[in-house]
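Here is the structure we will look at.
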Amino acid sequence: MIKVAPSILSADYVNLQRDIEKVDKGGAEVLHIDIMDGQFVPALSYGPGWVKAIRPITDMTLDVHMMVQSPERFVDQFADAGADIIGVHVEATPHIHRALQMIKNKGVKAEVVINPGTPVSAITPVLYMVDQVLVMTVNPGFGGQKFLPETVKKIAELNEIKKSEGLDFDIEIDGGVNEHTVVGAYQAGATVAVAGSYVFDADDPVSRIKAIKDATK
């Protein structure tokens, strides 16, 4: 069964604690926090202060996805704010090894992220040092997009490398995830599913978490 990571990008900011507690009690294991700088992606979101404010209200794993240019600038701040996992895009820095090394040195789990147009070969040199790989199943920066089915091949490729080289990392998917699209991704090797609007736009977010889990039993 896949782990579910609701994305607070789609939550109600005015009632954020209520929404977080709802998905926490509803069986979600991870809380996905999208950090956007208006440069690497067009949109802006929140900073380390949000992570610091969220940390005391939940025991869920806080997965901070940095969609920012030169993410090395912010690693220490998000680690100190309480992030459990910090994800950096290979497309956002010429120094991906150093960025991941910085995360590990802070005692935080390191995640490398690839966009739909980026091949798995771009991250194979650093797979040995990561705890999680995030495969973007939409183009990053906006919620509510449709799942790109061609990304499933990359999940399968990563899973094959993971097995053949005896590596140990989670494979996370993010974008257009629902109880239908998650099935093929899970069968290909995905272990964590980010879901934003699918969960938080629903009248009953808990039923949506359950639907994703039931689809991957």
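The values are calculated or read from the model by the stated rules, or taken from the named source; none is laboratory data. The model shown is predicted, which means the values in this text are computed figures rather than measured ones. Don't worry about glycine lacking a Cβ; one is built from the backbone with ideal geometry, like all the others, and counts go over all protein chains shown.
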* Return yes when A92 is at pLDDT 95 or above, touching a Lys or Arg at 6+ places or on another chain (Cβ under 8 Å) and either of a type in the set (G, A, S) or surrounded by 15 or more Cβ atoms within 10 Å (Cβ to Cβ) (or both) and no when it is not. => no
* Give, as residue ranges, the helices (runs of 4 or more DSSP H) completely inside the stretch 1-81 that count at least 1 residues that are among the small types (G, A, S). => 48-54, 75-81
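Residue-wise test of (1) free of Cβ contacts under 8 Å to residues at least 60 places away in the same chain; (2) of a type in the set (D, E, K, R).
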site	(1), (2)
K162	yes, yes
F169	yes, no
I173	yes, no
V182	no, no
G189	yes, no
* Would you confirm whether any residue within the stretch 72-83 is modelled with pLDDT of 95 or more, farther than 20 Å from Y128 by Cβ, among the charged types (D, E, K, R) and crowded, with 23+ Cβ neighbours inside 10 Å? => no
* Only one of (1) in contact with a Phe, Trp or Tyr (Cβ under 9 Å, 6 or more places away or on another chain); (2) surrounded by fewer than 20 Cβ atoms within 10 Å (Cβ to Cβ); (3) under 18 Å from F200 (Cα atoms) is not met by D24, so which one is it? -> (1)
* Taking the options M66, M1, name whichever one is out of contact with any Cys (no Cβ under 8 Å at 6 or more places or on another chain), closer than 23 Å to T181 by Cα, of a type outside the set (D, E) and touching a residue at least 12 places away in the same chain (Cβ under 8 Å). => M1
* Do we find a residue being farther than 21 Å from G143 by Cα, of a type in the set (A, V, I, L, M), without any contact (Cβ under 8 Å) to a residue 60 or more places away in the chain and in contact with a strand residue (DSSP E or B) (Cβ under 8 Å, 6 or more places away or on another chain) anywhere in the stretch 33-42? -> no
* So, of the residues in the stretch 170-202 that are among the charged types (D, E, K, R) and closer than 14 Å to S10 by Cβ, which turns out to be modelled with the lowest pLDDT? -> D201
* Which of the following residues is out of contact with any His (no Cβ under 7 Å at 6 or more places or on another chain) and either more than 28 Å from L44 (Cα to Cα) or of a type in the set (K, R) (or both): T124, T151, T181? -> T124
